[in-house]
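The values are calculated or read from the model by the stated rules, or taken from the named source; none is laboratory data. In this text the structure is predicted, and so the values were computed from the model without any measurement. Backbone-built Cβ (ideal geometry, glycine too); neighbour counts: all protein chains shown.
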Amino acid sequence: MAEGFQVDDLNRLARPLAEGARNLSDLATDAPTIPNAGDSTGIVASALVVLSGVVGKVTMAAADSADDAQAAQNSYDAADQAAGAELAVPCREIG
């Protein structure tokens, strides 16, 4: 069999992205409360807020990437099916 791109390659890409996004999203429900850090409590709270924002962006990027990979697979499948159907049409004799 020829080497090269296979449509299953997109599944192998999309699956871990979707699972990673889901796992990161699940972690958000277990977010810690703001610790009592004395005079540094405000700084620690700010850092946790920034960190949760970054994790949220990573989660969305992973989910969007999984969606993009799935859409690309669907597009590739449709193009492949259309090409196959076109090739299956018998050729007319010329002349």
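Looking for something without any contact (Cβ under 8 Å) to a residue 60 or more places away in the chain, surrounded by fewer than 14 Cβ atoms within 10 Å (Cβ to Cβ) and not in a helix (DSSP H, G or I) - is there at least one such residue anywhere in the stretch 80-90? Taking every residue of the stretch 80-90 in turn, at least one turns out to be without any contact (Cβ under 8 Å) to a residue 60 or more places away in the chain, surrounded by fewer than 14 Cβ atoms within 10 Å (Cβ to Cβ) and not in a helix (DSSP H, G or I).
Evaluate the stretch 32-52: report whether one residue or more is under 18 Å from the mean Cα position of the chain (by Cα) and closer than 30 Å to N11 by Cα. Taking every residue of the stretch 32-52 in turn, none turns out to be under 18 Å from the mean Cα position of the chain (by Cα) and closer than 30 Å to N11 by Cα.
Results for (1) assigned to a helix (DSSP H, G or I); (2) surrounded by 13 or more Cβ atoms within 10 Å (Cβ to Cβ); (3) at pLDDT 85 or above, shown as yes or no for each residue.
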residue: T33; (1), (2), (3): no, no, no
residue: G42; (1), (2), (3): yes, no, yes
residue: V49; (1), (2), (3): yes, no, no
residue: V54; (1), (2), (3): yes, no, yes
residue: A62; (1), (2), (3): yes, yes, yes
residue: D67; (1), (2), (3): yes, yes, yes
residue: A71; (1), (2), (3): yes, no, yes
